[in-house]
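Notes follow once the structure below has been shown.
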Amino acid sequence: MLAVEGVTKAFEGVLALDEVSLEVAAHSITALVGPNGAGKTTLFNIVAGSYPPTRGTVRLEGRVLDGVPAHERVRLGIGRTFQNALLFDHMTVLENVMVGRHVHGRAGMVAAALRLPRMRAEEERLYLDGMKYLNLVGLGQRAQTLAGSLPFGQQRLVAIARALATEPRLLLMDEPAAGLNALEKLDLADLIRRIQEMGITVLLIEHDVPLVMRLAELIIVLDHGRKLAEGTPEQVRQDRKVLAAYLGEGAA
Amino acid sequence: MIRTWWQRSPNAISVLLCALFLGSLPLWVRSPYLVSTAIFIGIASILTLGLCLLMGYAGQISLGHAAFYGLGAYTSAVLTVKYGVSPWLAMAIGVVITAGAAYLIGIPIFRLREHYLAMATLGLGVIAHLVFLELRDLTGGASGLPGVPRLAVGGFVFDSDVEYFYLVWGTVLLLIILSLNIVNSRVGRALRAIHASEAAADSIGVDSGRYKSQVLVLSAVYASLAGSLYVHYMRFVSPQPFDFEASVRLVVMAAVGGLASVWGAPLGAAAVTLLTVLLREVMPRLIPNASGEHTAIAYGLLLVVIMIFMPEGLTRGLLVRRRRYARR
């Protein structure tokens, strides 16, 4: 599904990623873990096209993504959520999800200005689609609330609905559980499984170890910009290098 | 749920009420001075509408909008006076030229953001003003270009102020409707998304660069129309109305009305224009030998007061106040 090949990223001489290669299997849930500053979000940004890698290539289902801008990658099937939700605060919850349907609409400036019948039909459809994705994350009731006034946990869910609305085949989730309480984490795990059942491949960055152990089929450990280890939850749990990185050299 | 048409589209009611109010205005406002002021407010409203879409919705600052206003005005004036082109054709050519200029300017200028974008557009406005001033053979330089013809349709000439009032405000209403439609659409949502976060907008497939360029072109087209309407009313053009101060005044109008509000545009344009007029009348009575500086100071103070008490502009400010009273 996704192949990252020898990706290196340097920011003004500092290596954020150093020759990282990894593969994500279709329909799987894969977790990217590692201490802060390991390069996890940098890797997400490169896959999503926020900036280009210094060296290396990213492929989606065999197709090389070099030079494809971020907004085009959405059309190719890459969706993402951000660590801090990054909702459009002054828009309603529903509008946030409706912009998520952007690539599935066509009305341009002129059609919109003249409110052509074609555009009105499309608007009706975007509205229904928006509600469908909101209901999927259980926030249909909050459709008309301003997104910025929601509690943080719910903002996270709206961000997920917004990303799902693009109909991604690969969803990148950056720390979806951070700041959630125990109950919300259970719901989130459930939601991520349902996303997988929809046929979407999930790649997530997460610090919550129990959640990762429960969800992920494959765990990839990054440390200081390099791939430290990779394997099933069981394998990674027993990996000496991983224990050393997390608990200090002596622990291993 | 069955909803009647006015519940479904509260904007339609507002447009209707606004049309009724404006349509009847010349019947009970007899003062020629006030009718003329209303025409200037209408022209300013068209400019402010474009600026609201650009700044309030898409979040892109322009401190040089008078450049597009002037480009429309000068295209109309030069083509009709020097080349005998029909005013409507000249207006259309003005729109095309201004749109083209905005598109080309958008390519380099949108590499910049926020303060840097403000500085660049400011520079653009200053340059345009200098071009109007220095291209003497074409523009008549500082002394301007007189003899711009009136607008006419068939045999009907818009030669009275009341007739021109209807023309200008008809255009304003039309553009308000178009703008409301854009704001409440897929495109409008994309613009607001770009305003909030370009990274997030990118992540759902919104092509920020393309929409920023489109909205700049649209606001430039509005400005060009306003410029053409202005010169055919004044029947004269000179560089002075298109200077840096004019660009700033437009931003002030947009801010006073409420940046992210289509209705705020005419409200802000009216408030700022009437405030200027009122101060010019009142100041000499309060302070017998008041000069232009006194008026400018009072004007500045009043704007500061408005922005302190209604930071979101008059439209939101008044709505919030009404709700507060309703709750008591």
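Every read-out reported here was derived from the displayed coordinates using simple, explicitly stated rules and does not represent laboratory data. Everything numeric in this text was worked out from a predicted model, so none of it was measured. A quick note on method: Cβ atoms are made from the backbone with ideal geometry, for glycine too, and the neighbour counts reach across all protein chains shown.
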**Request:** Normalising by the residue count of chain B, find the relative contact order in percent from Cα pairs under 8 Å and 6+ residues apart.
**Result:** 30 percent
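Multiply the residue gap between residue A:114 and residue A:186 by 0.36 nm, knock off their C-alpha separation, and tell me the result in nm, one decimal place. Could the numbers behind the result be given before it?
Numbers: separation 72, 0.36 × 72 = 25.92 nm, distance 4.68 nm.
Full extension from residue A:114 to residue A:186 adds 21.2 nm.
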**Asked** Based on the Cβ-Cβ distance from residue B:13 to residue B:276, what FRET efficiency comes out when R0 is 30 Å, to the nearest 0.05?
**Response** 0.45
**Peptide A:122-129, shielding by other chains (average Cβ, 10 Å cutoff)** = 1
**Asked** Using a simple spin-label model with points 7 Å from Cα along the Cα→Cβ vector, what separation in nm is obtained for residue A:66 and residue A:198?
**Response** 3.3 nm
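Rounded if a/c is under 1.5, else prolate if a/b is larger than b/c, else oblate: which is the stretch A:41-190, with a ≥ b ≥ c the root eigenvalues of its Cα gyration tensor? Could you put the intermediate results ahead of the total?
Working: a/c = 2.10, a/b = 1.08, b/c = 1.94.
Oblate, because a/c is 1.5 or more while a/b does not exceed b/c.
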**Prompt:** Out of the DSSP beta bridges found with both residues in chain A, what percent are antiparallel (nearest 5)?
**Reply:** 55 percent
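Apply the a/c threshold of 1.5 to the C-alpha gyration tensor of chain B and tell me whether it is rounded, prolate or oblate. If you can, show how the numbers build up before the last one.
Working: a/c = 1.31, a/b = 1.11, b/c = 1.18.
Note, shape of chain B comes out rounded.
Per-residue Cβ counts within 10 Å, from other chains only, averaged over A:114-121: what number is that? Mind dumping the intermediate values first?
Values: counts 4, 7, 1, 0, 0, 4, 2, 0.
Taking all residues of A:114-121 together, the mean is 2.
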**Asked** Roughly how big is the protein assembly as shown's charge dipole about its Cα centre, with Cβ charges of +1 (Lys, Arg) and -1 (Asp, Glu), in debye to the nearest 20?
**Response** 1540 debye
**Fill in**
Low-density loop GluC sites (Glu not before Pro), the stretch A:1-109, at most 13 other Cβ within 10 Å, DSSP non-H/G/I/E/B, are A:12, A:61
**Message:** Only four residue types carry charge here, +1 at the Cβ of Lys and Arg and -1 at the Cβ of Asp and Glu. Report the dipole size of the stretch B:17-150 about the Cα centre in Debye, rounded to the nearest 20.
**Reply:** 160 debye
**Message:** If I model a spin label as a point 7 Å beyond the Cα along the Cα-Cβ vector, how far apart are those points for residue B:103 and residue A:27 in nm?
**Reply:** 4.7 nm
**Item:** Extreme residue, positive dipole direction of chain A, given options A:171, A:33, A:116 (C-beta unit charges)
**Value:** A:116
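Is the shape of the stretch B:222-283 rounded, prolate or oblate, going by the alpha carbon gyration tensor and its root eigenvalues a ≥ b ≥ c, with a/c under 1.5 for rounded and a/b larger than b/c for prolate? Display every interim value, and only then the final one.
Working: a/c = 1.83, a/b = 1.20, b/c = 1.52.
Oblate.
Please arrange B:169, B:28 by how many other C-beta atoms lie within 10 Å of their C-beta, fewest to most.
On the way: B:169 25, B:28 6.
By the 10 Å Cβ count, ascending: B:28, B:169.
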**Message:** Of the candidates A:162, A:118, A:237, which one comes out as most mobile in a Gaussian network treatment of chain A with C-alpha springs shorter than 10 Å?
**Reply:** A:118
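At 0.36 nm per residue, minus the direct Cα-Cα distance, what do residue B:199 and residue B:153 gain on full extension? Give it in nm, one decimal, please. Show your work: numbers first, answer last.
Values: separation 46, 0.36 × 46 = 16.56 nm, distance 4.88 nm.
Stretched fully, the residue B:199-residue B:153 segment lengthens by 11.7 nm.
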**Message:** In the stretch B:195-328, if the dipole is taken from +1 on Lys/Arg beta carbons and -1 on Asp/Glu beta carbons about the Cα centre, which of B:248, B:288, B:318 is farthest to the positive end?
**Reply:** B:318
**Asked** Under a plain spin-label model, where a point goes 7 Å from the Cα along Cα-to-Cβ, how far apart in nm are residue A:125 and residue B:83?
**Response** 4.4 nm
**Item:** Förster-model FRET efficiency, 51 Å R0, residue B:296 and residue A:84, C-beta, rounded to 0.05
**Value:** 0.70
**Item:** Pairs from A:132/B:212; A:132/A:227; A:40/A:241; A:132/A:185 whose Cα-Cα separation, in the structure shown, is over 27 Å
**Value:** A:132/B:212; A:132/A:227
**Message:** Which one, A:140, A:220, A:191, is farthest towards the positive end of the dipole of chain A when Lys and Arg carry +1 and Asp and Glu -1 on their Cβ?
**Reply:** A:140
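Can you compute the charge dipole magnitude of chain A about its Cα centre, using +1 on each Lys and Arg Cβ and -1 on each Asp and Glu Cβ, nothing else charged? Give it in debye, rounded to the nearest 20.
On the way: 28 positive and 29 negative charges, 137 e Å.
With Lys and Arg at +1 and Asp and Glu at -1, about 660 debye.
For A:82-91, what's the mean count of beta carbons from other chains sitting within 10 Å of each residue's beta carbon? Each step should come with its number before you reach the end.
Values: counts 4, 0, 1, 1, 6, 4, 10, 2, 4, 5.
Mean inter-chain Cβ contacts per residue within 10 Å come to 4.
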**222 nm mean residue ellipticity, helices alone, for chain A (DSSP H n ≥ 4; -39,500 (n - 2.57); rounded to 500)** = -11500 deg cm²/dmol
